[in-house]
Amino acid sequence: MNVIFSEYGIEIIQRDGKQFINFDACEIVVEIIEIEITEEESQKAQKSEKDAYEVIIKLQNEKKPFRKSSIKFEQKFD
């Protein structure tokens, strides 16, 4: 796995010759979504925060297959 880009709340990685975008899809619990993307989508997502958002919305609307993982945090109060 090779991280190509990490800004605007996204991470673009390359694995097995394919590119994937990772982003947090939830508001309360961290839920990382990973979707395979094209080179064109990768280039657009790296241009600006607005372009990254547009790519994410497009991918979610296309209902492409994705991988989901949740990260759980334990909060301690003193």
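The values are calculated or read from the model by the stated rules, or taken from the named source; none is laboratory data. Bear in mind that the values here come from a model prediction, so they are computed numbers and not experimental data. Here the Cβ positions follow ideal geometry from the backbone for every residue, glycine too, while neighbour counts run over all protein chains shown.
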Failed item in (1) surrounded by 14 or more Cβ atoms within 10 Å (Cβ to Cβ); (2) over 19 Å from Asn2 (Cβ atoms); (3) at pLDDT 90 or above; (4) hydrophobic (A, V, I, L, M, F, W, C), with Ile57 passing the rest: (1)
Any residue in the range 29-51 that's within 11 Å of Ile10 (Cβ to Cβ) and without any contact (Cβ under 8 Å) to a residue 60 or more places away in the chain: show its pairings with residues that are β-branched (Val, Ile, Thr) and loosely packed, with under 12 Cβ neighbours inside 10 Å at Cβ separation under 6 Å, as long as the two are six or more apart or on different chains. none
Restricting to the range 6-18, name every residue that is in contact with a strand residue (DSSP E or B) (Cβ under 9 Å, 6 or more places away or on another chain) and part of a strand (DSSP E or B). Ser6, Ile10, Glu11, Ile12, Ile13, Gln14, Arg15, Lys18
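So that you can scan it fast, the table gives a plain yes or no per residue for (1) assigned to a strand (DSSP E or B); (2) surrounded by fewer than 15 Cβ atoms within 10 Å (Cβ to Cβ):
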position	(1), (2)
Ile4	yes, yes
Phe20	yes, no
Glu27	no, yes
Ile32	yes, no
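Go through Glu40, Glu36 for me and flag whichever is touching a strand residue (DSSP E or B) at 6+ places or on another chain (Cβ under 7 Å) and among the acidic types (Asp, Glu).
After applying the criteria, what remains is Glu36.
Of all the residues that make up the range 34-47, how many are in a loop (DSSP other than H, G, I, E, B) and among the hydrophobic types (A, V, I, L, M, F, W, C)?
Taking the range 34-47 as the starting set, the residues that turn out to be in a loop (DSSP other than H, G, I, E, B) are 38, 46-47.
Those still in the list that are among the hydrophobic types (A, V, I, L, M, F, W, C) too: none.
Selection size over the range 34-47: 0.
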